[in-house]
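Before any comments, here is the structure.
The values are calculated or read from the model by the stated rules, or taken from the named source; none is laboratory data. All values derive from a computational prediction rather than experimental measurement. Cβ placement follows ideal geometry from the backbone for every residue including glycine, while neighbour counts extend to all protein chains displayed.
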């Protein structure tokens, strides 16, 4: 009964491929996020959805497209993968008011 | 842009000692939160302090907030080997965004 689960945990793929990472939360939260953590551990927000609606879209290449089919799911699709996309991607969710965010275990993406 | 910056980047202490790390941020906030990340895992929420609070305690954790200096500190008392992790501060403003820094890596030696 994991609160925020994302799959896969590891993803190794070649440059130019398209891949998706899935995220699901069973906490009943309205808000979900995608974060990217680089090799220096810096966590940068990419997207935020509130009740299936996109509310934050940081400066992220168009190759990244989030999709929220319902408020419990926020998937991340990445087109034409580049070496610089290698990082750990975290999904998170929070109740309205952002008093606490719950994170998934992360997806380590390696582009070769 | 990066909102929170933690200092120091890394900290190594002996078991039983206290660990103190600091966080500075740039814009006005609603609250500031501290998270822990164990190696290879997701972040776990530790404590939240609101902008109108100056100090908060939770078990062996003590957090202070100085909004005039836009800074916060996290103190872990009587550290244990299990406290070895990276610690991140995160600030929440009025835009549904939780902004993190690069964290402080704490190593507690047995």
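Some notes on this structure:
- Single condition residue A:109 does not satisfy, out of (1) touching a helix residue (DSSP H, G or I) at 6+ places or on another chain (Cβ under 8 Å); (2) within 27 Å of residue B:10 (Cβ to Cβ); (3) not in a strand (DSSP E or B): (3)
- Matching residues, the range A:12-56, being part of a loop (DSSP other than H, G, I, E, B) and over 26 Å from residue B:88 (Cα atoms): A:14, A:15, A:16, A:17, A:18, A:51, A:52
- The residues of the range A:72-81 that are buried (at least 18 other Cβ atoms within 10 Å of the Cβ), away from chain B (no Cβ under 14 Å) and not in a strand (DSSP E or B) amount to a single one, A:81.
- Within the range A:92-101, tally of residues that are within 21 Å of residue B:39 (Cα to Cα) and either facing chain B (nearest Cβ under 9 Å) or out of contact with any strand residue (DSSP E or B) (no Cβ under 8 Å at 6 or more places or on another chain) (or both): 3
- Whichever residue in the range A:57-71 is in contact (Cβ under 8 Å) with a residue 12 or more places away in the chain and part of a strand (DSSP E or B) and, among such residues, is surrounded by the fewest Cβ atoms within 10 Å (Cβ to Cβ): A:65
- One residue stands out among those in the range B:52-110 that are part of a loop (DSSP other than H, G, I, E, B), in contact (Cβ under 8 Å) with a residue 12 or more places away in the chain and within 14 Å of chain A (Cβ to nearest Cβ): the one that is nearest to residue B:37 (Cα to Cα), which is B:103.
- Matching residues in the range A:12-33 - criterion: being buried (at least 19 other Cβ atoms within 10 Å of the Cβ) and either more than 21 Å from residue B:91 (Cα to Cα) or modelled with pLDDT of 95 or more (or both): A:21, A:23, A:24, A:25
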